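The values are calculated or read from the model by the stated rules, or taken from the named source; none is laboratory data. These numbers were taken from a predicted model, which means no experiment stands behind them. Here the Cβ positions follow ideal geometry from the backbone for every residue, glycine too, while neighbour counts run over all protein chains shown.
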Amino acid sequence: MARAGEKREAGRRTPPPGSLPGAPAVYPPPRAFAEKARFRSMDELRALWRRSLDDPDGFWGEAAGALDWIQPFDRVLEWSPPHAQWFVGGHLNASANCLDRHVAAGFGEKRAIVWEGEPYSPGRAAEERTLTYADLLAEVSRFANALRTLGVKTGDRVGIYLPLVPEAVVAMLACARLGAAHSVVFAGFSPDALRDRLSDAGVKVLVTADGAYRRGGRVPLKANADAALEGLPAVSRVVVLRRTGEKVPMKPGRDVSWDEAVRRESAVCPPVPVDAEHALFVLYTSGTTGRPKGIVHATAGYLLSCALTMRWVFDLADEDLFWCTADVGWITGHSYVVYGPLAERATVFLYEGALNWPAPDRIWDIVERRKVTTLYTAPTAIRSFIKAGDEHVTRHDLSSLRLLGSVGEPINPEAWRWYHRVVGGERCPIVDTWWQTETGAIAVSPVPGATPAKPGSATFPLPGIATEVVDAAGEPVPAGEEGRLVLSRPWPAMLRTVHGDPGRYAEEYWSEVPGKYFTGDSAKIDEDGYLWIIGRNDDVIKVSGHRLGSAEIESALVSHPAVAEAAVVARPDPDRGSAIVAFVTLKGGGRPSEPLAQALRAHVAATIGPIARPDQVRFAGVLPKTRSGKIVRRFLRDIAAGEAPHGDASTLEDLSVLSALARDEP
């Protein structure tokens, strides 16, 4: 059974997507980094991966020593497909693992969170705070006691609708301290979207703020929450954090200010022991039906995987300042802003606002001023930095950086090389990570001191993860051919169910390839065993019977020197099933023209093949993106088909983008 990470018999030799003549095909780990790394060779890493599959109980049982257990577990795994129970009989507390044990070990004065608000004065932050591990433990304990006073008990669900401020982390860990599952809703969601999630999760108490800052403006979070709670009596109490200072209505008997809630509470709150399988949180993600689904993660397996991947993938050092640019409203923020870093006693940097506000170099100014050592961000953000121009990067001293990361979607090779050269100074390894809300933690990634990187490839599965690329019958496909990406074994951080709909869990994830978890992604494994994510299975475009991955076409477009960013969608075609439409933004100074559109079509045909040539290239000033930086392709599909964009647009960064695209205005 061939898996990524194992050398396979070469079938039809296919060059890596987006590879360019003359560019290095493989980037070995920088020697200076590898000499100090936790893993220093592929032989060492492969041996651990092989052991994890040959003796999973022994491997995971030993790995679980990374956590503090209140009661040891009896068995590592009970597996009744598609349902898993990990570390059966064990009891622990996630909050205690992130805080108490570090303070008890003498690290109470180490910085846990360094926070910067969006408001800005030239050369410095207008707002900043630092919380040590002792500070954070005290704040979490006070708020946990406040939640208990408001009626929250073990097993309840608490909604969190906050900007990226330290109180968001405090609220999450306070819930975990009580054994109450939190359900964080991204602060950019509309009242209707918030109501749907709170209702589905059965939330009892909501934690929100008067407002949030975004690009110099203010988002009315409390007003949104009030609208969402109309007709939702199950939410009995609302805690309101003062953030922007806006005067907001407070409903008597329901609403209480954060300050008032914690004023008389003790800074001591013993953590509640919970079963290893106790639900830590419910987080909503998009489903294939368009109806959000609540992904449920269990405490022990999720926390362990977050901690181990912090060690393996980010090669965490005690002196690091770790910056994951994601919001806590998404799984990346859960895993690599909160639980993973704090379980590993990292110092986490939090930034509230947009990475390019009030100037294109805000992110690089922060890296320079704060001496950030690890930067983990999205390919969409990286491509926007490319579009803004190298000068915004090179004017800053980024010598503190030692490791770069990518998350959220496949990174095209040209963006990878730019990130490596311009941001990392060719000295920083790049960890191009693949994982999902459902996997809980990183599943496929380079290990920076050991793995030779191929730009655009997520490389190999991490220890404990078994990946395969298979056809419709579940059989492995030959090297270089596209297929469905599946995970063939259970892993500790896997989702346990879809909240309130266990049938959907089995149907959506375990029925496509019987007995295996279907990721929903298409992928290839090349002749060297490297895994290449092609794109979402439902983003695959079928033209005249040929399956083409949108990510591969986008990568080819972005490899053209004029292109900063691209998004490719399908348009219905009566003869071929689908036609390819490319939406393209140009680098600074580029001018849309018909000759350039034809040149881009020819470039794709030359890079991938004539079948991949876009039928239409449409130039855009900006692509429709969520505030977390993801391109919303469903709106582009509507526009490509000549239809008005429809559906919830509340998460878009700029609503005016849709009307401009519909009018075909670059």
>> Checking the condition under 30 Å from P163 (Cβ atoms) and crowded, with 17+ Cβ neighbours inside 10 Å, which residue from V632, V604, V617 passes?
In response: V632
>> Give all pairs with beta carbons closer than 6 Å in which a residue from segment 561-572 that is closer than 20 Å to D390 by Cβ meets a residue that is part of a strand (DSSP E or B) and hydroxyl-bearing (S, T, Y); count only pairs at least 6 apart in sequence or on separate chains.
In response: A564/T585; E565/T585
> Considering only residues of segment 229-248 that are touching a residue at least 40 places away in the same chain (Cβ under 8 Å) and touching a helix residue (DSSP H, G or I) at 6+ places or on another chain (Cβ under 7 Å), which is surrounded by the fewest Cβ atoms within 10 Å (Cβ to Cβ)?
Replying inline: V235
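Please find, among T459, T437, T451, the residue that is buried (at least 21 other Cβ atoms within 10 Å of the Cβ), in the same structural domain as A307 (by TED's automatic domain parsing) and closer than 30 Å to E512 by Cα.
Details: T437 fails: buried (at least 21 other Cβ atoms within 10 Å of the Cβ); T451 fails: closer than 30 Å to E512 by Cα.
The unique qualifying residue is T459.
Answer yes if at least one residue in segment 555-562 is small (G, A, S), under 30 Å from R496 (Cα atoms), modelled with pLDDT of 95 or more and not in a helix (DSSP H, G or I), and no otherwise.
So in segment 555-562, the residues small (G, A, S) come out as 555-556, 559, 562.
Next, from what is left, pick out any that are under 30 Å from R496 (Cα atoms): none.
Among the residues of segment 555-562, not one is small (G, A, S), under 30 Å from R496 (Cα atoms), modelled with pLDDT of 95 or more and not in a helix (DSSP H, G or I), which makes the answer no.
Looking only at segment 590-629, which residues are in a loop (DSSP other than H, G, I, E, B), more than 27 Å from G353 (Cα to Cα) and of a type outside the set (K, R)?
Initial filter on segment 590-629 (in a loop (DSSP other than H, G, I, E, B)): 590-593, 608-609, 613-615, 620-624, 627-629.
In the following step, the residues that additionally are more than 27 Å from G353 (Cα to Cα) were identified as 590-593, 608-609, 613-615.
Hits for segment 590-629 are G590, P592, S593, I608, G609, P614, D615.
Which one is farthest from P119 (Cα to Cα), of the residues in segment 362-381 that are modelled with pLDDT under 95 and part of a helix (DSSP H, G or I)?
Within segment 362-381, the subset modelled with pLDDT under 95 is 378-381.
Checking which are part of a helix (DSSP H, G or I) leaves us with 379-381.
Details: P379: 25, T380: 24, A381: 20 Å.
Per the stated criteria, the residue is P379.
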> R504 passes all but one of (1) at negative phi; (2) under 22 Å from the mean Cα position of the chain (by Cα); (3) outside any strand (DSSP E or B); which number fails?
Replying inline: (2)
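Residue by residue, here is whether (1) more than 29 Å from A112 (Cβ to Cβ); (2) not charged (D, E, K, R) holds:
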| site | (1), (2) |
| --- | --- |
| R31 | yes, no |
| W49 | yes, yes |
| F59 | yes, yes |
| E62 | no, no |
| A66 | no, yes |
| L99 | no, yes |
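Residues checked against (1) assigned by TED's automatic domain parsing to the domain that holds K516; (2) surrounded by 12 or more Cβ atoms within 10 Å (Cβ to Cβ):
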| site | (1), (2) |
| --- | --- |
| R50 | yes, yes |
| A64 | yes, yes |
| L67 | yes, yes |
| R75 | yes, yes |
| W79 | yes, yes |
| A84 | yes, yes |
| A105 | no, no |
| P119 | no, yes |
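Do you know which of the residues in segment 455-481 that are over 28 Å from P29 (Cα atoms) and charged (D, E, K, R) is nearest to the chain's Cα centre (by Cα)? Break it down stepwise before answering.
Going through segment 455-481, the residues over 28 Å from P29 (Cα atoms) turn out to be 470-478.
Checking the rest, the ones that are also charged (D, E, K, R) come to 471, 475.
Working: D471: 27, E475: 29 Å.
Among those residues, the one meeting the criterion is D471.
Which one of these is in contact with a strand residue (DSSP E or B) (Cβ under 7 Å, 6 or more places away or on another chain) and surrounded by fewer than 23 Cβ atoms within 10 Å (Cβ to Cβ): P446, P476? Don't jump to the end; show me each part of the working.
Details: P446 fails: surrounded by fewer than 23 Cβ atoms within 10 Å (Cβ to Cβ).
Matching residue, one of P446, P476: P476.
For (1) over 31 Å from the mean Cα position of the chain (by Cα); (2) basic (K, R), each residue gets a yes or a no:
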| residue | (1), (2) |
| --- | --- |
| S555 | no, no |
| R571 | no, yes |
| A582 | no, no |
| Q598 | yes, no |
| G609 | yes, no |
| P614 | no, no |
| R618 | no, yes |
| L623 | no, no |
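Hey, any hits in segment 536-558 for a residue that's in contact with a His (Cβ under 8 Å, 6 or more places away or on another chain), buried (at least 24 other Cβ atoms within 10 Å of the Cβ) and either touching a residue at least 12 places away in the same chain (Cβ under 8 Å) or aromatic (F, W, Y) (or both)?
To start, the set of residues in segment 536-558 that are in contact with a His (Cβ under 8 Å, 6 or more places away or on another chain) comprises 556-557.
Among the residues that remain, those that are also buried (at least 24 other Cβ atoms within 10 Å of the Cβ) are: 556-557.
Right, trim to either touching a residue at least 12 places away in the same chain (Cβ under 8 Å) or aromatic (F, W, Y) (or both) and you get 556-557.
Yes, there is a match, as at least one residue in segment 536-558 is in contact with a His (Cβ under 8 Å, 6 or more places away or on another chain), buried (at least 24 other Cβ atoms within 10 Å of the Cβ) and either touching a residue at least 12 places away in the same chain (Cβ under 8 Å) or aromatic (F, W, Y) (or both).
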>> If I filter segment 249-267 down to residues being of a type outside the set (G, A, S) and over 18 Å from A171 (Cβ atoms), which single residue comes out as surrounded by the most Cβ atoms within 10 Å (Cβ to Cβ)?
In response: M250
>> Out of the residues in segment 183-216 meeting the condition of being part of a loop (DSSP other than H, G, I, E, B) and more than 23 Å from the chain's Cα centre (by Cα), tell me which one is surrounded by the fewest Cβ atoms within 10 Å (Cβ to Cβ).
In response: G216
> Are any residues in segment 347-370 small (G, A, S) and free of Cβ contacts under 8 Å to residues at least 40 places away in the same chain, and if so, which ones?
Replying inline: A359
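Would you check which residues across segment 410-435 are touching a strand residue (DSSP E or B) at 6+ places or on another chain (Cβ under 8 Å) and modelled with pLDDT under 95 and list them? Outline the logic, then answer.
The initial filter retains those residues of segment 410-435 that are touching a strand residue (DSSP E or B) at 6+ places or on another chain (Cβ under 8 Å), namely 410-411, 416, 419-420, 423-424, 428-435.
Result: P410, I411.
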